[in-house]
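First, the structure itself, so that you have it in front of you.
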Amino acid sequence: MNVDLVVVGSGFFGLTVARQCAEDLGKKVLVIDRRHHIGGNAYSEAEPETGIEVHRYGAHLFHTSNERVWEYCNRYTKFTDYVHRVFSIYQGEVFPLPVSLATINQYFRKALSPTEARALVAEQAGEIDTATAENFEDKAISLIGRPLYEAFFRGYTAKQWQTDPRELPGATVTRLPVRYTYDNRYFNDTYEGLPVDGYTAWLERLADHPNIEVRLETDFFDASQEVSKTNVLGNVPVIYTGPVDTYFDNAEGELSWRTLDFEQEVLPVGDFQGTSVMNYAEEGVPYTRIHEFRHFHPERDYPNDKTVIMREFSRFATSGDEPYYPVNTAEDRRKLLAYRDLAKQEKGVLFGGRLGTYKYLDMHMAIGAALSMVDNKLTPHFRDGAAFT
Ligand code: FDA
C-alpha cells in the first residue's frame, strides 16, 4: 500500500484531515468509508421524483463564529443567505422557537415588555429553587417556570429521551434558551448558510485532490479487505473517525447513543408547512419534528406541485443502529475515560471526529478539530519527524 496516511471515515473530520495532509504536507492519503457514499452524516442527495435535496441523516444547517473555519469552508463551497428559524406546534397553535418575547406574549396572550416578561418568568421559576432541583423537570421549571416548560420542553424532552423528564438527571440542563427580544433566529453565530450546490458537492470538492484516494464500502474491521485494521496497523499511520468502543472491541463495554428514525414522504402539494422545521411539542404526537426540505433552498427552482417531508422519531440506539447523539450517562463517562487511556496507548492511530471522541460535534466543530489535529499532530509528525501520538 503506497500511501502515507490512512483515514477511516469520510465525514467532515476525515476529509478535512485528508485534504490538509494532501495539499499542505504533500502526503498521499487513502480515505476509506464503510458506507456507499462520502460525507458521513452530512451527506445529502436529490430525492429522485422531485429533485429536492434531502439530508439523508437529518437536517444539517451550517453555522459558525470561527473565522478560520468559515474561511476554510468558503474555499470549497459558496453559501446561501439562508437563516434558520424553527417553530413549534402546541395545542393547535404555532409558536416561534427558541422561546422569545414573541413566544411568551403569544403563549400568555399579553404584550409584555422585556422587563415585564423577565419578571413574569422569574416569578414562575421561583416555584422551585434551582439549587435543590435534582431531576430534569424540576431544574427546567426552576429556570423558566412551569407553563413554558410544559408547553415547549416537557413533551419534546420526553419524546427525545423516551423517558419521563422527572426520571432524567437535573445536571443535563444547565440553562434553557430564552430571549427577551423578538429575534427568532435559531443560531447566534456570526456566519450561517447552506452550501449553494448542496453538501455532497461540497464534500466531493474537499476530497478532490490528486493525492487523495477514496474507497467506499470498505470497513476497517473487515480483515478480508486490503485496507483493514489487521493489515494497516503498524505499517501506515491511521486517523480513525469511527466509534471508539468498536475499535477496541467494546472491551470496556458499549457506549450508549440515541438514534433517529426518519419517515420520508413525497406529498402532492407545493408547500406542506410553510417553513423548513416544525417541532411537535406534545407527547401525543409520536414524532419530534417534521422537516420540509424545499424551504432550505427557496432560491432553487423546485417543482411547485410536489414537496418532500421527513418526520423524525427519536429513540435509544441498539447495536446495528446509526449512533447519532451520545447519551453520556455517568457510566458512559467512566467507559470513555477507559477508552481514552486505551487510545493514548494505541501506537500509530489518532482518534477524531464525533464517533472517535464520543462527543456531539457540529460540522464547524468537527472541521475546526480536524484543522487543529493537522496543526498539532500531523504537521509536526510529517514535517519534523515527531512521534505519531
Ligand atoms: P461522521 O459521522 O460524519 O463521519 C464518520 C464516518 O466514519 C462515517 O461516514 C462512517 O460511515 C465512517 N465509519 C465509521 N466506522 C467505520 C469503519 N469501521 N470503517 C470505515 N468507515 C467507518 N451539525 C451542524 O453543524 N448543523 C446541523 O444542523 C447538524 N445536524 C445534525 C443532525 C443530526 C441528526 C446529527 C446526528 C448530526 C448533526 N450535525 C449537525 C452534526 C454533523 O453531522 C457532524 O458534525 C459531522 O457528521 C461530524 O463529522 P465526522 O466526520 O466527525 O463524523
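Bear in mind that the values in this text are calculations on the coordinates, not laboratory data. Nothing here was measured: the structure is a model prediction, and the numbers come from that model. As a convention, Cβ positions derive from the backbone with ideal geometry for all residues, glycine included, and neighbour counts pool all protein chains shown.
Using unit Cβ charges (K, R positive; D, E negative) and no other charged atoms, how large, in debye to the nearest 20, is the dipole of the stretch 14-120 about its Cα centre?
Once rounded to the nearest 20, the dipole reads 300 debye.
If each of E93 and D384 carries a label point 7 Å out from its Cα toward its Cβ, how far apart are those two points in nm?
Here the modelled spin labels are 6.2 nm apart.
Label-point separation (nm) for N188 and L267, each offset 7 Å from Cα along Cα-to-Cβ?
Label at N188, label at L267, 3.3 nm between them.
Taking the 0 to 90 degree range and rounding to the nearest ten, how far is the long axis of helix 363-373 tilted relative to the main principal axis of the chain, both from C-alpha atoms?
The helix 363-373 is inclined about 30 degrees to the chain.
Taking Cα atoms, how many degrees apart are the long axis of helix 330-345 and the longest axis of the chain, rounded to 10 and kept between 0 and 90?
For 330-345 against the chain, the angle is about 20 degrees.
Follow-up. Report the Cα-based extents of the stretch 194-236 along its three principal axes, largest first, to the nearest Å.
41, 20, 12
So, one more: Can you list the aspartates and glutamates whose alpha carbon is less than 14 Å from that of K335, not counting same-chain residues fewer than 8 positions off?
In chain and number order, the partners are D245, D249, E252, E254.
Another question about this same structure. With a point put 7 Å past each Cα toward its Cβ, work out how far E322 is from L342 in nm, to one decimal.
For E322 paired with L342, the spin-label model returns 2.5 nm.
Enumerate by residue number the chymotrypsin sites (Phe, Trp or Tyr not before Pro) in the stretch 174-212 meeting two conditions: DSSP loop (anything except H, G, I, E, B), and at most 13 other Cβ atoms within 10 Å of the site's Cβ. Don't skip to the answer; put the middle values down first.
Numbers: sites: Y180, Y182, Y186, F187, Y191, Y199, W202; in loops: Y180, Y182, Y186, F187.
When the chymotrypsin sites (Phe, Trp or Tyr not before Pro) of the stretch 174-212 are filtered for loop state and at most 13 Cβ neighbours within 10 Å, Y182 remain.
In the chain, what percentage of the DSSP-assigned beta bridges are antiparallel, given to the nearest 5?
The answer is about 65 percent antiparallel.
Expressed as an acute angle from 0 to 90° and rounded to the nearest 10, what is the orientation of the C-alpha long axis of helix 12-23 relative to the principal long axis of the chain?
Compared with the principal axis, the helix lies near 40 degrees.
Loop only per DSSP, at most 16 neighbouring Cβ atoms within 10 Å: give me the trypsin sites (Lys or Arg not before Pro) in the stretch 317-369, ordered by residue number.
Filter output for the stretch 317-369: K347, K359.
Would you calculate a helix-derived [θ] at 222 nm for the chain, using -39,500 (n - 2.57) for each DSSP H run of n ≥ 4 and dividing by the full residue count, to the nearest 500?
That comes out to -8000 deg cm²/dmol.
Still on this structure, please answer the following. P(r) tail for the stretch 224-268, what percent of Cα pairs lie past 17 Å? Don't skip to the end; give the middle numbers.
On the way: 578 of 990 pairs.
Taking all Cα-Cα pairs of the stretch 224-268, the fraction more than 17 Å apart is 58 percent.
Right, here's the next one. Counting only GluC sites (Glu not before Pro) that are in a DSSP loop and have at most 14 other C-beta atoms within 10 Å, tell me the longest site-free stretch of the chain.
Numbers: sites that count: E49, E127, E134, E217, E226, E283, E299.
Longest gap between qualifying sites, sites excluded: 300-389.
Based on Cα coordinates alone, diagonalise the gyration tensor for the stretch 280-376, multiply each eigenvalue by 5, take square roots, and list the semi-axes in whole Å, largest first.
Working from the Cα gyration tensor, I get semi-axes of 36, 22, 10 Å.
Please state the charge dipole magnitude for the chain, taken about the Cα centre, from unit charges on C-beta atoms (+1 on K and R, -1 on D and E), reported in debye and rounded to the nearest 20. Walk me through the numbers on the way to the answer.
Details: 41 positive and 57 negative charges, 170 e Å.
Dipole about the Cα centre, nearest 20: 820 debye.
Between the stretch 74-91 and the stretch 102-150, how far is it from one alpha carbon centroid to the other, in angstrom?
Taking the Cα centre of the stretch 102-150 as reference, the centre of the stretch 74-91 is 28 Å away.
Which links in K139/K159; K28/K229; K110/K159 stretch past 25 Å when you go from one Cα to the other?
K110/K159
On average over all directions, what projected area in square nanometres does the chain have, based on the convex hull of its Cα atoms? Can you show the working numbers first?
Numbers: hull surface 83.5 nm².
Averaged projected hull area, Cα only: 20.9 nm².
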